[in-house]
Structure formats: structure tokens, C-alpha cells
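Chemist: The structure that follows is given in the form of C-alpha cells.
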Amino acid sequence: MNRRIYMSYKAIQKYLSFCFFKRHQKISLLDAILHLYQKSNYSYELPKTPNSLNKSHDIFSLYQCLQNLHVDVTAIIQKPQQLYKNVSESYFMFEEKDAKILLQFQNELVHYHKHDYFEIDLVLDGETKFFTDNSVSTLHKGDLVIISPGTSHKIEVIESSIVICIVMKKSTFDNSFFNLIKADNILADFFNKCLYSSTENYLTFNVQITEKILGIIQNIFIESYSSLPQSNAICCDYISILLSYALRGLSESNNFKTYDNNLTNRFAKIINTIKVNCDTVKLKDLARQYNYDKAYLGKLISKKTGHSFNYLRNYYRIQKSCNLLKYTDESINSISEQVGYSSVNSFERSFQTILHLTPSAYRRNFRETVFLSLENQDIKRL
């Protein structure tokens, strides 16, 4: 079979809902696709992305447009037995793309499954059930879950809820996600351990569903289904922007959701609180904020990060001071006060411990590098 086979989301969803409401039973996505194929409800050409997708300014109108998109079901029809096994990147997700975005179906009989790529699910409206081998969580509007390769899971979308699913090659996700925090070794290392070494292998965030976020999602869909040059790179860039908003939520307590059975999320929030408030944060206040005993929280931080609370606080203070040293002319004494040190001597000791040179030497080296770079540019112009 050389030709590709496409089905519309609307047709698949219509049959799933028909079985649920009229026959009072849920059927699997596979059964729905095979039924539609037998009824010749498919096409061999991929219809163009609807122009109205660019004009959707609210969740409902966006959902209506997305239902008119078509999904490539060729591999599912050719090799149906593989759909609920350990699905590989080569199965059907990634023909010429590093990432794809899909709509999760409502009223579907879902099965536990694994795959060797990353999955990102975002609830745009309503709620959904997220299952792993060890837990069950209810995700609400704005909740975003990142599921790492090899994690057994299933997503059950509740009636009238709208959930998008982004699938991304492992190598592409590594570049997109970890490049966002590559300057922050501690936070990057922590997320790395959570996504590749933890028992649950997933992270949850919360993103406010604003018009700006809907615009980003629209652009991901448009580029994901586009055949224009650079559409793959642009699609991945928009996904990185979406992940950036999820990471921003770590420093906004009203936008971050935690679940009792997922310490990973709560602890990521604790690390980021230390980072954002490094100039004033104290262990006793942090323990009170997150309902921990002070001594226990200190041990937990050491266990989870390999560093003490004092080291983490100093690490982020020094990171903050580096920008002040590079881009301002403020004195060393003034900078040490701004980042939370009671004396310039303490600041200089911490700076040397973490970066192995003095603040003055750091500033001098940076400015000499910038000067040489500008000088080389002037020589090239001549």
C-alpha cells in the first residue's frame, strides 16, 4: 500500500460518541478507525489546514476548527496490533516531523501503553483522568503533563473536555526542554533525574489558558500540518515557547498545581522558590510555606539535589550577581547587598567557592571578552 490514508478527527469522534451514547459502550480508537475504514470513510489526500484555524480566538472555536483536521492512519490500518504495544517513533507519529500535535478523543476506551518518545498533554477545558501504573490523577483546565519514554500510562478524556496531545522525538525534546534551563545546572539536573530516573517518570505543571497560549497552540497545529520549508523547526520552536510558559509557572504559586502522590512537582516548586527568592529566603520560612519540619526539609533538599539548602541559596545568589557584574557598573559591595549577603567578604568567599575566581576577575574577564569580540568585528569590516 503506497498511498497514505487520512481520516478526520470529526468522523472518528462522531463514531466514538455514537457508540458511547447510543450503544452505551466505549470502544477503542483502533476499533473506530477500522470501522470507518471498512465504511470507506477516509481519503487518500490530506486536505489543507483550514484557514479559520488562524482566526480562532477562544477555546470553543479552536476546537471546532481542529475537528476538521485529518490524521494519518495508514500505519494503524497496516499494523493494528502495534498500536497498544511499545509504540516506537517509527510507527506512525513522525513521518517527516520531529513533533506532532493531536486532539485527544472523548468517550474512548483507553488502554495502558508505552512509547519511546515524549508525550505532552494539556487540558484546554474541562478535566481528564491521567493513569500510571502507580497513580491516578485528575487534570484540570490548564494542567500540563510531560510523560517520559517507557512510562506505562493512559489518558481518559471526560465528556466535553478538550485536551491536546503533543508527541515529540526524545532527541528533540532533550534539546527543546533542557536548553530552556541549561544555564541552571541544579534545576536542569533535577528535571533530568525526574524524567529519566524517577519511578513515575512524569512532571505536571499548570499554564493559564490565555489568548496568547491559544495562539501558540494554533501555530503548533498549523506548522505541524504544514509542508512548507522550515515548518518542522518552527513547530518545535513554538513547542519550546509553550514549555517556557509551563516553567514560568514554577515561580507563580497561584499557577502551579501539585498532587499529593507526586512529590516531584512540589519539590520542583521548592527549588524554584529558592531560586526566585535567593536574596531573602530562609530555610525556616521555606519549611513553613510548604508544611515541612525545618530539619526534615533540609535533609530532603540534600537528598534530592545533592546539595545543602545554603549551597543552593548561594548558587542562585551568585548566578544573579553574575548578571549584575556583567551588565552594570555597580560596586562589588552594592551587588553583594542586592543578592542578599550581609558582608562583601561573605559574597567574595561564596563567589570563589562556586566559580573559582573573584567577582572583580569575573567582571574583568567578561569585559575583555566583549571588547575582543567587538574589535574582531571591526577588523572584519575593514
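Chemist: How large is the helix-only mean residue ellipticity at 222 nm for the chain, computed as the sum of -39500 (n - 2.57) over DSSP H runs with n ≥ 4, divided by its residue count, in deg cm²/dmol to the nearest 500?
Modeler: Taken over the chain, the calculation gives -15000 deg cm²/dmol.
Chemist: Express the accessible area of the chain per residue in Å², computed with a 1.4 Å probe while the remaining protein chains stay in the model.
Modeler: For the chain, the per-residue accessible area is 50 Å².
Chemist: So, one more: Based on the Cβ-Cβ distance from Asn291 to His35, what FRET efficiency comes out when R0 is 51 Å, to the nearest 0.05?
Modeler: Once the sixth-power term is evaluated, E becomes 0.50.
Chemist: Net charge within 15 Å of Ser350 by Cβ-Cβ distance, Lys/Arg positive one each and Asp/Glu negative one each, not counting Ser350 itself?
Modeler: +1
Chemist: Say R0 is 22 Å: what FRET efficiency, to the nearest 0.05, do Tyr44 and Gln81 get from their beta-carbon distance?
Modeler: 0.40
Chemist: Still on this model: For a quick check, take a GNM of the chain with Cα springs below 10 Å and name the residue from Glu127, Glu119, Glu159 with the largest mean-square fluctuation.
Modeler: In this elastic network of the chain, the residue with the biggest mean-square fluctuation among Glu127, Glu119, Glu159 is Glu159.
Chemist: Going by the alpha-carbon gyration tensor, a ≥ b ≥ c the square roots of its eigenvalues, is the range 207-347 rounded (a/c under 1.5) or, if a/c is not under 1.5, prolate (a/b greater than b/c) versus oblate?
Modeler: oblate
Chemist: I would also like to ask the following. Structure shown: which of Lys141/Lys170; Lys114/Lys193; Lys26/Lys170; Lys284/Lys304; Lys79/Lys170; Lys79/Lys193 lie over 29 Å apart, alpha-carbon to alpha-carbon?
Modeler: Flagged as over cut-off: Lys26/Lys170; Lys79/Lys193.
Chemist: Note down the relative contact order for the range 300-343 as a percent, whole number, built from C-alpha pairs under 8 angstrom at least six residues apart.
Modeler: That works out to 26 percent.
Chemist: Need the list of aspartates and glutamates near Lys303 for cross-linking: C-alpha distance under 17 angstrom, and skip anything on the same chain fewer than eight residues off.
Modeler: Excluding near neighbours in sequence, the set is Asp189, Asp293.
Chemist: Could you sort the peptides 40-46, 138-144 by per-residue average Cβ neighbour count (10 Å cutoff), highest mean leading?
Modeler: Listed from highest to lowest mean packing, they are 138-144, 40-46.
Chemist: Let me ask something else. Can you classify the range 157-256 as rounded, prolate or oblate using the Cα gyration tensor, where a ≥ b ≥ c are the square roots of its eigenvalues, rounded means a/c under 1.5, and otherwise it's prolate if a/b beats b/c and oblate if not?
Modeler: Because a/c hits 1.5 or more and a/b fails to exceed b/c, the range 157-256 counts as oblate.
Chemist: Turning to a different aspect of this structure: Which of rounded, prolate or oblate describes the range 138-200 when judged by the alpha-carbon gyration tensor and an a/c cut-off of 1.5?
Modeler: It comes out prolate by the Cα gyration axes.
Chemist: Carbon and sulfur atoms: what percent of the 1.4 Å accessible area of the range 132-232 do they account for?
Modeler: C and S atoms contribute 46 percent here.
Chemist: What's the whole-number percent of alpha carbon pairs in the range 66-195 lying beyond 19 angstrom?
Modeler: More than 19 Å apart: 54 percent of the Cα pairs in the range 66-195.
Chemist: Further, regarding this structure: In a Gaussian network model over the chain where Cα atoms closer than 10 Å are linked, find which of Gln38, Gln104, Gln82 has the largest mean-square fluctuation.
Modeler: Most flexible of the set in this elastic network: Gln38.
Chemist: Highest mean first, what order results for 70-79, 161-170 on Cβ atoms within 10 Å?
Modeler: Ranking the peptides 70-79, 161-170 by packing returns 161-170, 70-79.
Chemist: Percent relative contact order of the chain, based on C-alpha pairs within less than 8 angstrom and at least six residues apart?
Modeler: Reported as a whole number, the value is 11 percent.
Chemist: Can I ask one more? Where the centroid of each part is defined by its Cα atoms, how far is the range 167-197 from the range 275-295 in Å?
Modeler: Centre-to-centre distance over Cα atoms comes out at 25 Å.
The values are calculated or read from the model by the stated rules, or taken from the named source; none is laboratory data. Computed from a predicted model, the values in this text were never measured in an experiment. When we count neighbours, we look across all protein chains shown, and the Cβ atoms used for this are built from the backbone with ideal geometry, even at glycine. For accessibility, only protein heavy atoms count, side chains too; no ligands or nucleic acids. Shrake-Rupley method; radii C 1.70, N 1.55, O 1.52, S 1.80 Å.
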